[in-house]
Amino acid sequence: MSSPDEYTIAPGDVLLGKYRVESVLGRGAMGLVVAARHLALDDRVAIKVLLPRYVRDPEILQRFLREGRAAVRIRSRHVVRVADVGALENGAPYLVMDHLEGKDLAAVLAESGVLPVPVAIELVLQVCEALAEAHAQGIIHRDVKPSNLFLTRNADGSPCIKVLDFGISKMTHAEDHALTRVGGMLGSPLYMSPEQLRSASDVDGRADVYSLGVVLFQLLTGRTPFVAQELAQLVYMVTQGEPLRPRALRPDIPEPLEQVLLAAIARDRDRRFPTIADLALALVPFAPPHLRSAAERLFVALRGSLPAVAVQPGALPLASSAVTAVPAAAVPLEGGALTIAPVGTTTRKHASLERRALPIAIGLGLAVVSTGLFLWSRPRHAEREIAPAEGDQGALAEPRAAQPSAAQPSATIGVAIEHS
C-alpha cells in the first residue's frame, strides 16, 4: 500500500491466495478494478476493490455492497454476475465479477454516431429484459446510461448487453436505506428523470423507463433530449421544459417510434409506460422481424410479475397490451427496408416466471442477426476489457457522438455523480 488512501495492486500479485492479478483495468475516485485469474479454476474474473478512505464511510460502503447483493438477486443473462464478496487481507472490501470483453454503448456511440433503428431496438430490448427482472425483485437501477450498458458477445457471436453497476440501486423492500447525502445527487443528470432530480428516494420503475428512453433517444439521434452546461439549467429543462422531437434530429425515425420515445421520457411519470415491460412491448414492432414473436411473449410474461401502476387515460401512444406490425418501409436499416410480418397478441399464462421467460430468452439469444453484423463490423480499435465503469463524472454537456478520440470511456469504479 503506497499511501493511506491508495492501494498498490500490480500484475503478478496474488489476492486471497487464489486470484493472480493479470492487469489493472481502471482506477477511479472510489477504487480500482483488476483483471485476475483464479489459480485453481483457471477462470478469468474482474475484481473491484474499494479505496481505503471510503472503507469507514458507511454510505459508500453500503453502496458498494449493495451492488453485489442486487446482482445476486437478479437472475438475468443481461446482468453482470457477482461471484463473491468479502475483504482482502488488508481489509479492503471487494467484489468478484464476470470478466467482460467488448465495449460499452458510450464507446459504440463514439464510433458509430447513431445506430440503425432495428439495431438500437434489439439492444434496448435486452436492457428491458434485465430491468424487468430487477424490478420484479424490487430493485430500481437509478443509473441507466450508455456507459453502464456493456456490449459483449454470446457464444455464437451475436450481441449481448450486460447491465452494469447496481451500486446506487434502490430496493423497494424493507431493508432499503436511503443513500442520498444532503446536498448530493446520485445518478447521471443527463439521464435522470424529473422526479429523481428532485429526490433520489421518490422513484419507482418508471424512473428507469425514463432513463432507458433517454438512452434510446441518444442511440437513434446521437444526443440526449436535454443539453445544458450547468446543472441548475439542466434540472430546469428536464423538470419544466419540453424535449426536442427525435424526428427533428433524424427524419427517418418512424413517427410511431417517436411517439413511443416521447412517452418514455414524459415529464409526468403517470404519462409514461407503467412498467419497463410495457415500454418493451411498444418497441417490439420496430425490432428485427425474426425477434418479434419471441420478444412479445417474453415481455407479456415479465409484465405479469411487475407492480401495477396507474396510467393517465390517453397518455400512451400505443396499446401496451397488444403488439401490431409496422409497415416495412417505416423501419429503416442499412441496405434497405425490412420485411415485416404481423405479430399476434399472446395471452397465455404459465405457472412459473422462470419457466415462461427462460426458453424465450434463450431463443432471443441464439440468432446471429443484422444487429451483430452491424456492430461487430465496426472498427475494433476501441474494443476493450472492462468491469463496471464509473461513468462521466459531472458531464452535463451534450455527449459528442462519432468524434474520433484516442481516449475511451474510463474503466473505473463507482457511478454516483454528486454535486454539492
**OP:** Looking only at the range 7-33, count how many residues are under 29 Å from the mean Cα position of the chain (by Cα) and in a strand (DSSP E or B).
**Re:** 11
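Which of the residues spanning the range 48-67 are touching a residue at least 12 places away in the same chain (Cβ under 8 Å) and in a helix (DSSP H, G or I)?
Restricting attention to the range 48-67, the residues satisfying the condition of being touching a residue at least 12 places away in the same chain (Cβ under 8 Å) are 48-55, 59-67.
Within the range 48-67, Pro52, Arg53, Tyr54, Glu59, Ile60, Leu61, Gln62, Arg63, Phe64, Leu65, Arg66, Glu67 qualify.
Does Val203 satisfy the condition of being in a loop (DSSP other than H, G, I, E, B), in contact with a helix residue (DSSP H, G or I) (Cβ under 7 Å, 6 or more places away or on another chain), in the same structural domain as Ala120 (by TED's automatic domain parsing) and of a type in the set (A, V, I, L, M)? Break it down stepwise before answering.
Numbers: in a loop (DSSP other than H, G, I, E, B): yes; in contact with a helix residue (DSSP H, G or I) (Cβ under 7 Å, 6 or more places away or on another chain): yes; in the same structural domain as Ala120 (by TED's automatic domain parsing): yes; of a type in the set (A, V, I, L, M): yes.
Against the criterion (in a loop (DSSP other than H, G, I, E, B), in contact with a helix residue (DSSP H, G or I) (Cβ under 7 Å, 6 or more places away or on another chain), in the same structural domain as Ala120 (by TED's automatic domain parsing) and of a type in the set (A, V, I, L, M)), Val203 qualifies.
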Subject >> Number of positions in the range 134-154 that are assigned to a loop (DSSP other than H, G, I, E, B) and out of contact with any Asp or Glu (no Cβ under 9 Å at 6 or more places or on another chain) >> reply: 2
Original post:
Taking the range 77-136 only, how many residues are surrounded by fewer than 21 Cβ atoms within 10 Å (Cβ to Cβ), charged (D, E, K, R) and in contact with a helix residue (DSSP H, G or I) (Cβ under 8 Å, 6 or more places away or on another chain)?
Top reply: 2
Original post:
Looking at the range 239-256, which of its residues are crowded, with 21+ Cβ neighbours inside 10 Å and in contact with a Lys or Arg (Cβ under 9 Å, 6 or more places away or on another chain)?
Top reply: Ile253
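With the structure loaded, tell me whether Tyr210 is surrounded by 18 or more Cβ atoms within 10 Å (Cβ to Cβ), aromatic (Phe, Trp, Tyr) and either in the same structural domain as Leu306 (by TED's automatic domain parsing) or at pLDDT below 95 (or both) or whether it fails that test. Working first, answer last.
Details: surrounded by 18 or more Cβ atoms within 10 Å (Cβ to Cβ): yes; aromatic (Phe, Trp, Tyr): yes; either in the same structural domain as Leu306 (by TED's automatic domain parsing) or at pLDDT below 95 (or both): yes.
So Tyr210 passes the test.
For the range 234-284, enumerate the residues that are among the polar types (S, T, N, Q) and in contact (Cβ under 8 Å) with a residue 40 or more places away in the chain. Outline the logic, then answer.
Applying the first criterion (among the polar types (S, T, N, Q)) to the range 234-284 yields 239-240, 259, 275.
Correct list: Thr239, Gln259, Thr275.
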Original post:
Just to be sure, is Ala36 part of a strand (DSSP E or B) and either crowded, with 16+ Cβ neighbours inside 10 Å or in the same structural domain as Val215 (by TED's automatic domain parsing) (or both)?
Top reply: yes
Original post:
Gly157 is checked against (1) part of a helix (DSSP H, G or I); (2) on the phi > 0 side of the Ramachandran plot and fails just one. What number does that condition carry?
Top reply: (1)
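The values are calculated or read from the model by the stated rules, or taken from the named source; none is laboratory data. On a predicted model such as this, the values are computed, not experimentally measured, just so you know. Every residue, glycine among them, receives a Cβ derived from its backbone with ideal geometry; neighbour counts consider all protein chains shown.
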